[in-house]
Structure formats: C-alpha cells, structure tokens
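The values are calculated or read from the model by the stated rules, or taken from the named source; none is laboratory data. On a predicted model such as this, the values are computed, not experimentally measured, just so you know. Cβ sites come from the backbone with ideal geometry, for glycine too, and all protein chains shown count toward neighbours. Only protein heavy atoms, including side chains, enter the accessible area calculation; ligands, DNA and RNA are left aside. Shrake-Rupley method; radii C 1.70, N 1.55, O 1.52, S 1.80 Å.
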Number of protein chains: 2
Amino acid sequence: MVSGRGPRERMVFSAAQLLRRGGVAATGMREVVAHAGAPRGSLQHYFPGGKEQLVNEAVEWGGGYAAERVGRFLAELPEPSPGALFAAMVRQWTDELASAPDATGCPVAAAVVDRAGSVESTREAAAAAFARWARPVARALTDMGVPAARAEPLATLMISTLEGALLIARAERDPRALTTAVAELGPLLDAAVAEGT
Amino acid sequence: MVSGRGPRERMVFSAAQLLRRGGVAATGMREVVAHAGAPRGSLQHYFPGGKEQLVNEAVEWGGGYAAERVGRFLAELPEPSPGALFAAMVRQWTDELASAPDATGCPVAAAVVDRAGSVESTREAAAAAFARWARPVARALTDMGVPAARAEPLATLMISTLEGALLIARAERDPRALTTAVAELGPLLDAAVAEGT
DNA sequence: GTACTACTATGACAGCGGTCATAATCGCGG
DNA sequence: CCGCGATTATGACCGCTGTCATAGTAGTAC
C-alpha cells in the first residue's frame, strides 16, 4: 500500500513501482488500483486516456524522480567530482537491489522495452524522461569543471552505462556490473575535469 | 517469414525476433508460430515447457548470436583495438536501428525487464546470455594487450554501456546515445592497452 | 501390412486484460 | 432542501492468451 496526497498521485506512483517489477504488460490496471489503495472508479476519471496515459505519466514521474535525486546527491557529496556523483547515482540502485531484487528495475527502461516500438506517446515520454534526468547531470558536470562540450555526452554516457549495468545486475542478481561500472568509468569522468582546467 | 533448418530452430529464432519488438508479454505463441511459418502443433511437441522454455531458448540463442558476432567483428577489423571492437559492436545496432527502428531491441534485455523478477529460469538464461557474450569480448581484450585483471571488467562495461545506450537510442529514435558511447568510451578502452605494455 | 514413433492439426477451455455503460454518492453553493 | 459537478461503484463485454485433450498423418523398421 502506498501513501501520498491524492488517489491520482498514488496511482501514478504505484504504476511506476509496478512497472519496475515486470514491465508494462505484466502490470494490470486493477493491480495498480489495489497497490495504490485507490478506488477503481478513479481510473476512468483521472486517466481517460486509459493505460497508455497512466504508463506515460508513470514514466514521466520516473524521470522527474531521477532528476531530483541528482540534486540531492550533489548536496550530500563531501567533495564533488563527476566520479563521485556517478558512484552516488549507482549506489542508490545497488542498495535497492540488495533489499528488493525482484522489484528493482527502471520504469523508463521497462516502458522502452515494452512500448517504444508500438506506442509513440510512450516512446516520447521515455525520451523526455531520459532527457530530464540527463539535464541536471550535465549541469553538475560543467559546474565541476568539465568542458561544456563534453558535459552532455558524458551525462548520456553515465546514464547509458547505469541502465545497462542495472540490466545485467538484475539478470545476475548481483551488483557486480554496477560496481564495475563505477570502478571503470569513475576515473574517466574525473579525468574530464582536469582537461577543463 | 523466416527460413532456416527445422521448424524448431525457426521458432526459437522468430521468438527472439519478436521479443526484440515488444517484450515477452507482447509476444504471443501463435504469433511466433505464424512468424516462423511453423505448424502450431509443433509448439507442444518441441516446447513442452511452454512459453517459459521458448523464451529461455530465444534468450540463449541471442547470447550465442552476440558472442559469435564478436568473433566476426574481430576478423574484420583492419587494426584491432578495444575501441575499434566496441565501435564495431555498436555499429551493428545503429545500422539495425536505422533500418527497423521499432524492431531493434535486445531480446535479452526484454527478458530481464519482463521476467527477471518472476521467472527464475529466465533470469538465469539472461545472465548466461550476458556471460556468453562477455567471454569472447574479454578474451579479445587480453589478446590486444589489456591486462588480464581489467579485461573482464572492461568487457562488462562495454556491454553495459551498449545495452543502456541502446535503450536510450530506442526511446529517442536516434542513435545519438550509441555514437556518444563509442566516442567517449573508445579512448578509455584503448588507453587500457597502453597500461599493459 | 503392421506397429511404433515422430510430428502435425484443431478445437476447446478457463482466465485475465482493458475498456465501457450506467448508476450511485459526496460535497457544497444557493 | 435543491442542484450540480466531482468522484466513486460495479458489472458486463469482448478479445486475447497459454495450455491442454484428442485425433490425425508420415515415415520407418520389421
């Protein structure tokens, strides 16, 4: 069960949560309602666009959540550096993976795999979510001294590697791929700062 | 329609192909049969384990295919280097993405997203597929002069980044994330060779 | 020809999914 | 109390899915 402001928000949140587990098709509307502790009738009311709309909003929520976390990580870093930021981002996933291995997927990735080829609006929502996530990362990199021209590519690289490593980690039920990503990519990211000075 | 040796092989191949499009749940058994041009009755005969078995074999096939491609890439490289290998691996995806944007996902990724949390055997099949894919990559790296201790981590990194970038590229309907991955990761990979000399 | 195995054909079934139609209730201004 | 929009309740519908039961055909060994 999920607490939150209104039934609408809870349903979006629950949808995102369930997407992470088993993807879009495996997530039923009735299941979302139950998970959110929301009235079933509210589905029709708040999401006249049906499942497509609900999924899209869940994806959007996911992108916003990830973006917001970046800011939080930055605030908590003892001494900021691209590698340290990346490590913090990855760490969240290893932690979740340790406590709930079966439920720790990325809702945006799920939407891409299940719907990118068939539902345009969902594909766009996913692209927007990734972009929204990358923006604060790129900005943080420039603030740390990474040359402006490389900030955006490196931000994309960080998210790419994170997503892929997460996929492998889920398959292996082992955070190995994630920790490897940090170990190998961290130095590269930090080196980009030096080039900017 | 698909040509191949026996109906059995064709069905596995078709399953993998359809998995790439819309994931596991969106891929129906009847659809696989039709795509393979195979007799429906053969499903029961060759896959008594049902959809689970078919999906697992499709995932295994995907892993084998990826592994085999690595060998082919190596043979075709004018002057081998880790970065060049990575570029070749990525290039295959950008090409496919250009010709069939909606059908160019990774079947293994699809299996992870849709089934890793619910079907153990499929999760294991996915992990095995990734491992099978990484093995020839790691071996190629050592052959190129990468220190043995870093070969495997770097192979994992390459596949992680590739998978993640592919996800983003599909969402954006644009190979940007993939080309970025090559541009940013290539130098890092090549630098690992220098450290080995 | 007979028997036996490999393979194929087909129809049914039970379940679940998203969606819709319809109606009830709630909260509040007048 | 009345009206009215916002919300919720519920049941039905139809399509699809994986699976199974049953029966048919093909090919081969004897």
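Some notes on this structure:
- Single unsatisfied condition, B:Ser118 versus (1) surrounded by 15 or more Cβ atoms within 10 Å (Cβ to Cβ); (2) in contact with an Asp or Glu (Cβ under 9 Å, 6 or more places away or on another chain): (1)
- The selection criterion, being part of a helix (DSSP H, G or I), away from DNA strand D (no atom under 14 Å from the Cβ), under 22 Å from the mean Cα position of the chain (by Cα) and within 14 Å of chain A (Cβ to nearest Cβ), holds for B:Glu60.
- Taken together, B:Ala138, B:Ala98 contain a single residue that is closer than 30 Å to A:Ala131 by Cβ and modelled with pLDDT of 95 or more, which is B:Ala98.
- Test: residue in the stretch B:57-79 that is in contact with a Phe, Trp or Tyr (Cβ under 6 Å, 6 or more places away or on another chain) and buried (at least 20 other Cβ atoms within 10 Å of the Cβ): yes
- Odd one out for B:Trp133 among (1) hydrophobic (A, V, I, L, M, F, W, C); (2) crowded, with 23+ Cβ neighbours inside 10 Å; (3) within 12 Å of DNA strand D (Cβ to nearest atom): (3)
- Residue match in the stretch A:95-105 (condition: more than 16 Å from DNA strand C (Cβ to nearest atom), surrounded by fewer than 21 Cβ atoms within 10 Å (Cβ to Cβ) and farther than 23 Å from B:Arg115 by Cα): no
- In this structure, A:Leu141 does not satisfy being crowded, with 21+ Cβ neighbours inside 10 Å and closer than 29 Å to B:Pro147 by Cα.
- Single condition B:Leu54 does not satisfy, out of (1) without any contact (Cβ under 8 Å) to a residue 60 or more places away in the chain; (2) within 9 Å of DNA strand D (Cβ to nearest atom); (3) within 23 Å of the chain's Cα centre (by Cα); (4) open to solvent by 50 Å² or more (accessible area, probe 1.4 Å): (4)
- Among the residues listed as B:Pro48, B:Pro78, the single one being more than 12 Å from chain A (Cβ to nearest Cβ), part of a loop (DSSP other than H, G, I, E, B) and within 16 Å of DNA strand D (Cβ to nearest atom): B:Pro48
- Of all the listed residues (A:Ala26, A:Ala15), the sole one being open to solvent by 40 Å² or more (accessible area, probe 1.4 Å), over 22 Å from A:Leu178 (Cβ atoms), within 16 Å of DNA strand D (Cβ to nearest atom) and of a type in the set (A, V, I, L, M) is A:Ala26.
- Cβ pairs under 7 Å, 6+ apart, first in the stretch B:143-163 and without any contact (Cβ under 8 Å) to a residue 12 or more places away in the chain, second open to solvent by less than 10 Å² (accessible area, probe 1.4 Å): B:Ser160/A:Thr161; B:Ser160/A:Gly164; B:Ser160/A:Ala165; B:Ser160/A:Ile168; B:Ser160/A:Ala177; B:Ser160/A:Ala181
- The single condition among (1) out of contact with any helix residue (DSSP H, G or I) (no Cβ under 6 Å at 6 or more places or on another chain); (2) in contact (Cβ under 8 Å) with a residue 60 or more places away in the chain; (3) within 13 Å of DNA strand D (Cβ to nearest atom) that B:Arg21 does not meet is (1).
- In the stretch B:13-39, the residues that are among the polar types (S, T, N, Q) and either under 15 Å from the mean Cα position of the chain (by Cα) or assigned to a helix (DSSP H, G or I) (or both): B:Ser14, B:Gln17
- Within the stretch A:144-174, being in contact with a Phe, Trp or Tyr (Cβ under 8 Å, 6 or more places away or on another chain) and open to solvent by 10 Å² or more (accessible area, probe 1.4 Å) holds for one residue alone: A:Glu172.
- Residue match in the stretch B:34-43 (condition: in contact (Cβ under 8 Å) with a residue 24 or more places away in the chain and crowded, with 23+ Cβ neighbours inside 10 Å): yes
- Flag if B:Phe86 is open to solvent by less than 10 Å² (accessible area, probe 1.4 Å), at pLDDT 95 or above and aromatic (Phe, Trp, Tyr): yes
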